[in-house]
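Some notes on the structure that comes next.
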Amino acid sequence: MSRPSSYFIAAVAACGLILLHPRDASAQTKASTCATCHASLSSVDLSSPPKALAGDVHDQLGIRCIDCHGGDETAAEKTAAHSAAKAYRGRPTGMEIIATCGRCHSDTEFMHRYSPTQRVDQETEYASSMHGKRLASGDLRVATCISCHGAHGVRQVNDVRSPVYPTNVATTCGRCHSSPEHMKGYTLGNGKPLPTSQLTDYERSVHHDALMKKNDLSAPTCNDCHGNHGAAPLGVSSLTTVCGTCHVVFASKFAASVHAQIFDKACIECHGNHAVMPPSDAMLGTGNGSACINCHTDKDDPGFSAAARMRASIDTLRQGIDGSTALIQRARNAGMEVGDEELALNEARSKLVLARTEMHAFNPASLEAVVSDGTRILAGVNQAGNKDLAELAYRRRGLFASLGVILLVVMALVLKIRDLDRQWKH
């Protein structure tokens, strides 16, 4: 939730191209006293908007100050420029911001003149969001269009400088959600204070690493899970659906599991929400660091034994792959052709991935069936690898025998030559 900052003055070109009668780009050539007057003012709040308009998407399209603020842009005197008769509205606040942006962004005919594919339901979505509902109830601290997009200097969402570009979203949301002072008084559904650690947690997550370190723009950030204009806390019933948007197979396995009927928080019971750590085999089983022992602590508990059984199966396959890989590597380093064996190893590794996926069904039998397929493949790999090494040993024995025979022949020839040489001398 982002408060309308005093930095965003006069116009809220925020999310919108605004006014009752928006102009064409050619209108930009028309003289305006708004920018020249404000640029000369001593107040930073009042003088900064004209400077921020450089590169502003609305400014580039010919949207002018009066389209958001009203007034007379040809008047040189303040009173005349701010005339109520010219529909001067000043700086919109609260619901006025949404209405100002929505004047254009909710107008299908108008928006199609500039961006035919852009949605025009943002205003409606916002009204359904937690921010929109609280704003409608009079809470002026919540996020509005300008809180996320800015007021002057608004960029296209696919511009890396935009506050809502994927790599900037978390920081944008965090401006409010990481501030204990700003979030004071907001609570969760159970009445507890709303946490302010989301950004810090997210920055430790596998999702953040994928987005920021690997530049994977498809990796989730705040709005991918919570929504953007229709932002709302995730309900229990929607958690699996949200995670399953990307993790489709895992979600389908979980949906068919016994845990789907038990877990209150679905996926985040084991993986967390904002601080999602890279998954590992250590999360499964009954050892230290296992997620299973958070619930299954009794050794007589069927869940405890099932977790241990599944972990043992996965470990067996993983260790088998490691052993087979070392075997085939020895054969390859010795110069043997092992292309078929390496292809089979890749298939076994795929079975390990499938086993880790199958684990989400929490059914040891189904997991063991996948592991059994993998171990059967490894048996063939090991047989071929051992055969290659046996053939290599046979070749080496043959080579040594041949070298021995050759050496004996050479020695016999040397002796014969020496004998002939002595006979010639005598």
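At a glance:
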{"read-out": "Cα-Cα separations in the chain greater than 43 Å, expressed as whole percent", "value": "42 percent"}
{"read-out": "Cα-only Debye scattering, the range 74-207: base-10 log of I(q)/I(0) at q = 0.11 Å⁻¹", "value": "-0.55"}
{"read-out": "Residues with amide H under 5 Å from that of Ser83, placed H, sequence gap 5 or more", "value": "Asp72"}
{"read-out": "Positive-end residue of Ala231, Leu41, Cys65, charge dipole of the chain with Cβ unit charges", "value": "Leu41"}
{"read-out": "Most fluctuating residue given options Arg311, Arg396, Arg64, as computed from a GNM of the chain linking Cα atoms under 10 Å", "value": "Arg396"}
{"read-out": "Cβ charges +1 (Lys, Arg) and -1 (Asp, Glu), total dipole of the range 302-418, debye", "value": "660 debye"}
{"read-out": "The range 202-278 and the range 64-129: distance between their alpha carbon centers, rounded to Å", "value": "36 Å"}
{"read-out": "Dipole magnitude of the range 194-315, debye to nearest 20 (Cβ charges: Lys/Arg +1, Asp/Glu -1, about Cα centre)", "value": "160 debye"}
{"read-out": "Sequence of Leu367, Leu188 once ranked by neighbouring C-beta atoms within 10 Å, starting from the fewest", "value": "Leu188, Leu367"}
{"read-out": "Highest-MSF residue in the chain out of Ser48, Ser179, Ser40 [GNM, Cα springs under 10 Å]", "value": "Ser40"}
{"read-out": "Square roots of 5 times each gyration tensor eigenvalue, C-alpha, the range 226-378, largest first, Å", "value": "34, 20, 13"}
{"read-out": "Acute angle (nearest 10 degrees) that the helix 339-358 long axis makes with the longest principal axis of the chain, alpha-carbon atoms", "value": "50 degrees"}
{"read-out": "Dipole of the chain, positive direction: furthest Cα of Leu317, Met411, Gly153, with charges on the beta-carbon", "value": "Met411"}
{"read-out": "Value of relative contact order over the chain, rounded to a whole percent, pairs C-alpha under 8 Å and six or more apart", "value": "12 percent"}
{"read-out": "Summed residue charge, Cβ within 12 Å of Gly55's Cβ, Lys/Arg positive, Asp/Glu negative", "value": "0"}
{"read-out": "Unit charges on C-beta of K, R, D, E only; dipole of the chain, Debye", "value": "1060 debye"}
{"read-out": "Residue order, fewest to most beta carbons within 10 Å, for Asp300, Asp322, Asp159", "value": "Asp300, Asp322, Asp159"}
{"read-out": "Rounded to whole Hz, the Karplus (6.51, -1.76, 1.60) HN-Hα couplings of the range 372-383, x for glycine and proline", "value": "4, 4, x, 5, 5, 5, 5, 4, x, 5, 5, 4"}
{"read-out": "Cα lying deepest toward the dipole's positive end in the range 302-418, options Phe400, Ile377, Ala355, charges on Cβ", "value": "Phe400"}
{"read-out": "Translational diffusion coefficient (Stokes-Einstein; Kirkwood radius from C-alpha pairs) of the range 302-418 at 25 °C, 0.890 mPa s, in µm²/s", "value": "145 µm²/s"}
{"read-out": "Relative exposure of Glu181, Glu358, judged by other C-beta atoms within 10 Å (fewest first)", "value": "Glu181, Glu358"}
{"read-out": "Highest-MSF residue in the chain out of Gly285, Gly339, Gly150 [GNM, Cα springs under 10 Å]", "value": "Gly339"}
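None of the figures in this text is laboratory data; all of them are computed from the coordinates on show. The shown structure was predicted, so the numbers you read here are calculated from the model rather than taken from an experiment. No Cβ is skipped: glycine too gets one built from the backbone with ideal geometry, and neighbour counts run over all protein chains shown.
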